[in-house]
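The values are calculated or read from the model by the stated rules, or taken from the named source; none is laboratory data. The shown structure was predicted, so the numbers you read here are calculated from the model rather than taken from an experiment. Cβ placement follows ideal geometry from the backbone for every residue including glycine, while neighbour counts extend to all protein chains displayed.
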Amino acid sequence: MVRMQLSGGYNLNLAGKPSLGITELLKVPSLISVKAIDLHGIKPLMKVKVGDKVKAGDVLFLNKANHKVKVVAPFDGTVKEVKRGDRRVLLEVIIDVDGKQSESQFKSKSVDDISEKDLMDHLLDTGSWPFFRQYPYNVVADPELRPRDIYVETLCNEPHVPDMNYVLQDQKEAFEKGIALLKKLTPGNVYTGLANTEIEIPKWMRSVKGTTPVYTNNIYPAGEASVQSYNVAPIKKNEVIWHINAQDLIAIVNLLESGKLDYSRVMTVAGSCVDKPQYIKTYVGSAVKVVTKDGVSYGENRYISGGIFTGTTIEKDGYLGFYGHSLHVIEEGLNREFLPFQRPGFEKASFSRVFLSTFFGPDTFVQTSSQMGEERACIACSHCEEVCPVDIKPQFLFKSLLAEDYAMGEALGVKDCSLCGLCTYVCPSKIDLDDIISSAQKFLHKEG
Amino acid sequence: MKVLLDIFEKTRKDLFGPGKPLEKFEPGYDAAETFLFSPVHTTKKGPHVRDAVDTKRYMSMVIAALIPALIFGIYNAGYQAQLATSQSIDCASCFIEGLKLVVPLIILSYAVGGTWEAIFAVVRKHPINEGFLVTGLLFPLILPPTIPLWQAAIGISFGVVIGKEVFGGTGMNVLNPALVARAFCFFSYPGKMSGDNVWVHISDPAKMVDGFSGATPLAIAAAHTKTAATDPNVVEALTAKGFSFMAMFSGLIPGSIGETSTVAILLGALFLAIVGVASFRTMIACVFGAMVTGLIFYNFAPASAAGIYHLPPHLHLVMGGFAFGCVFMATDPVSSAATNTGKLIYGFGIGVLAVLIRTVNPAYPEGMMLAILFMNVFAPLIDFYVIQVHVADRRRKHE
């Protein structure tokens, strides 16, 4: 057991919180997407083309750098579209689903008896591998490496993403099996981040065999693997750690035991523009219009797959991403406010104390996608340093990265950054630190 | 407001848009538009929402914090002028007289400095920065009320152009622009910036009251000597001239416009602390540095030394520009040290230097300005070493 007191971090109280109670949307979808763009570190090598018939479990594409890493079709169907973006980067593969998922695509195995090698092969062949991600750089795990530790995401406290204390309540058995699997993959510890959210930590979670619980305070981003690792056991040179979401882990257990792909997850539909923010159970890669069946208020809206800080923008008629278990809908910030900075600001969300909302604010704030100001030079207010969960001084880091001084960047902790987005959120000069740091991380990852 | 917004958007499109006749002057137009309406920029990717604070709000907090010192400064400038020429000192006439002295300076400072700011924005094709809103108000507040307007104009031009724009504008400047402007005036026109005759406006020398001296407490303390045991000590000498601690604390004394009232400045400091805009660390460290240095002089100076050596340290805090500099100048985040530890060292250095310069060099009774400028120059060095320590700590963590 480890106790982690996070310095930094910030809880943003946003409107549009999902209410408890899970609505099942498990009808086999007519269209489903596999978001290749979410799989950082994978260079896709296509194995199918538009019009091909695929069965659930058939390989859609491989990682060019390591053909063992495969991404598979979640359902039977026809490849409807292979979407590419700038410079032909593969964005997603959309499958027109036949309306069924054939039974037992893979051989079922027992969790207890499976050897490490068999487990690896199984994970790679079933396309489960990309659910494992690796730090530094938060890329899809490299099967040639052994992780020092594995972190299971049992605490997700970005605003309005599924509360794992709630989701995992009744999943004791599958979760324990999952931990047994992970123990085969690492010689080190399997960490689970635990904190009382609105819901208490399920009792059994405190004493799962094989885990090292990391008790922490419920403040974003205490649940992030790299934040925990930085505070609990920093990654040394030539070491890597892996992390996996607890729901993904349970799906892997289900697949192993039943031989049937399990892409269903408990997700949230949230945000100020959602008519009925709620928990739903649906499939990874579902269409936005399926999960928003209860309606969103009319207007120019921003659809986000994943959390409000780390999620990606998707189209209104797009699909959910590979990892983010939630959909946020907020208003696009196109409205121009009269006398914006001269107001007392009772309703303005801010980490700083320059608005009266600090003292007389509402419980939750409605935020749009507005940048809330224009970009300016850094004025060294050091808010970014105050919120950083991994003790980075972002106001110095971003300057050395802009000057392409990567040696200094590494010394200042560019690899420790989990891209939680808080520094960018609080910046009064509206500097996109997140973008600068993630570009540098991509560059450093590529250059080795 | 929709109508006004439409007018603005249409004007932008027709006159200032790409390829339109006034395209070059878009920064100026943009400044006016974004003063009235929030800009339209939206986030493109995560984080999808942003904190409501922007630099405009941030800077306006400093302006708000300056209001007590500004109002008191206006009143005091008038009060001193009325008093020196034995005219009515009721509130209204002091205020009117003060407005006559101060408002032209403020308008001039904003107009001249703002013009430079706009010129650079147009040439460099970047938006006009709101940092100038603060500089433009700070500068008049640290001037003597009698300064000729043309000197102030040259001063603010120097401050904005050499103090800030040549380094790349707001956020890039090494020195505090308002202090650069004042330093320029101080060294170029010493006759109008120092001495005993510049702090009080004398409208009609014939009416001047007998025995009037416009000397500031610092000048009196510097000139004071105690040769015989029966001579008054420096505190008694100051009190005899009307400069008791309470008088200097409340601020109805000659001095630069905004600097005299420690009470008004403390109100501003309290406000800044509540909204968290200026660094409290810097302020505390600065006061601490001054107290330590003051104590050393107070205890160890030889009896023959000038009166200022024998000042009880707490008096340093209410004399001259110390309080104003400590609260509003030293805490300027851009020219100050940026690390938390750095701020402590930086603030302490300012406190030490301010008292040191005041005391040891009677030619520069206003040590605060020089102390801050000096530490501004050292701030990057301080940060460099603090960062080295930070980097070493990080490295150790990953080894």
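Structure notes:
- Within the range B:104-151, the set of residues being part of a helix (DSSP H, G or I), farther than 21 Å from residue B:194 by Cα and either without any contact (Cβ under 8 Å) to a residue 12 or more places away in the chain or among the acidic types (Asp, Glu) (or both) comprises B:107, B:111, B:115, B:117, B:119, B:123.
- Scanning the range A:386-407 for residues that are touching a helix residue (DSSP H, G or I) at 6+ places or on another chain (Cβ under 7 Å) and either more than 8 Å from chain B (Cβ to nearest Cβ) or over 26 Å from residue B:396 (Cα atoms) (or both) gives A:387, A:388, A:389, A:390, A:392, A:394, A:397, A:398, A:400, A:401, A:402, A:406.
- Subset of the range A:369-385 that is more than 7 Å from chain B (Cβ to nearest Cβ) and more than 17 Å from residue B:61 (Cα to Cα) - its residue that is surrounded by the most Cβ atoms within 10 Å (Cβ to Cβ): A:384
- Selection count where residues are more than 14 Å from chain A (Cβ to nearest Cβ), in contact (Cβ under 8 Å) with a residue 40 or more places away in the chain and buried (at least 23 other Cβ atoms within 10 Å of the Cβ), scope the range B:32-78: 7
- Residues in the range B:220-246 that are buried (at least 17 other Cβ atoms within 10 Å of the Cβ), modelled with pLDDT under 90 and assigned to a helix (DSSP H, G or I): 7 in all.
- Residue that is farthest from residue A:112 (Cα to Cα), among those in the range A:154-178 that are aliphatic (A, V, I, L, M) and either in contact with a Phe, Trp or Tyr (Cβ under 7 Å, 6 or more places away or on another chain) or surrounded by 21 or more Cβ atoms within 10 Å (Cβ to Cβ) (or both): A:161
- The range B:248-274, residues that are surrounded by fewer than 19 Cβ atoms within 10 Å (Cβ to Cβ) and of a type in the set (Val, Ile, Thr): B:263, B:274
- Look at (1) more than 7 Å from chain B (Cβ to nearest Cβ); (2) surrounded by fewer than 15 Cβ atoms within 10 Å (Cβ to Cβ) and you find that residue A:321 fails only one, number (2).
- Criterion violated by residue A:25 - all others in (1) crowded, with 20+ Cβ neighbours inside 10 Å; (2) in contact with a helix residue (DSSP H, G or I) (Cβ under 7 Å, 6 or more places away or on another chain) satisfied: (1)
- Enumeration of residues in the range A:242-292 that are of a type in the set (Phe, Trp, Tyr) and farther than 22 Å from residue A:32 by Cα: A:242
- The range B:318-364 - residue that is small (Gly, Ala, Ser) and part of a helix (DSSP H, G or I) and, of those, farthest from residue A:383 (Cα to Cα): B:354
- Boolean, residue A:420 is crowded, with 20+ Cβ neighbours inside 10 Å, touching a Gly at 6+ places or on another chain (Cβ under 9 Å) and more than 10 Å from chain B (Cβ to nearest Cβ): no
- Considering the conditions (1) among the aliphatic types (A, V, I, L, M); (2) within 14 Å of chain B (Cβ to nearest Cβ); (3) within 16 Å of residue A:161 (Cα to Cα), residue A:314 is excluded by exactly one of them, (3).
- A search for C-beta distances below 7 Å between a residue of the range A:346-373 that is at positive phi and any residue that is of a type in the set (Gly, Ala, Ser), counting only pairs 6+ apart in sequence or on different chains, returns A:372/B:52.
- All helices (runs of 4 or more DSSP H) inside the range A:338-448 with 2 or more residues being more than 21 Å from residue A:306 (Cβ to Cβ): A:357-360, A:383-387, A:394-402, A:406-411, A:433-447
- Condition met for residue A:339 (free of Cβ contacts under 8 Å to residues at least 40 places away in the same chain, more than 27 Å from residue A:435 (Cβ to Cβ) and facing chain B (nearest Cβ under 7 Å)): yes
- Qualifying residue in the range A:82-96 (condition: surrounded by fewer than 12 Cβ atoms within 10 Å (Cβ to Cβ) and within 14 Å of chain B (Cβ to nearest Cβ)): yes
- Checking the range A:9-19 against the condition returns a match, with at least one residue being of a type in the set (Lys, Arg), assigned to a loop (DSSP other than H, G, I, E, B) and modelled with pLDDT of 90 or more.
- Test result for residue A:297, surrounded by fewer than 19 Cβ atoms within 10 Å (Cβ to Cβ), modelled with pLDDT of 90 or more and hydroxyl-bearing (Ser, Thr, Tyr): no
- Any hit, the range B:385-399, residues being within 14 Å of chain A (Cβ to nearest Cβ), hydroxyl-bearing (Ser, Thr, Tyr) and surrounded by fewer than 20 Cβ atoms within 10 Å (Cβ to Cβ): yes
- For the criterion of being part of a helix (DSSP H, G or I), surrounded by fewer than 19 Cβ atoms within 10 Å (Cβ to Cβ) and hydrophobic (A, V, I, L, M, F, W, C), residue A:145 fails.
For every residue, the table says whether it meets (1) in the same structural domain as residue A:285 (by TED's automatic domain parsing); (2) part of a loop (DSSP other than H, G, I, E, B); (3) surrounded by 18 or more Cβ atoms within 10 Å (Cβ to Cβ).
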position: A:32; (1), (2), (3): no, no, yes
position: A:49; (1), (2), (3): no, yes, no
position: A:57; (1), (2), (3): no, yes, yes
position: A:60; (1), (2), (3): no, no, yes
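- Only one entry in B:82, B:87 is outside any helix (DSSP H, G or I) and over 25 Å from residue B:178 (Cα atoms), namely B:87.
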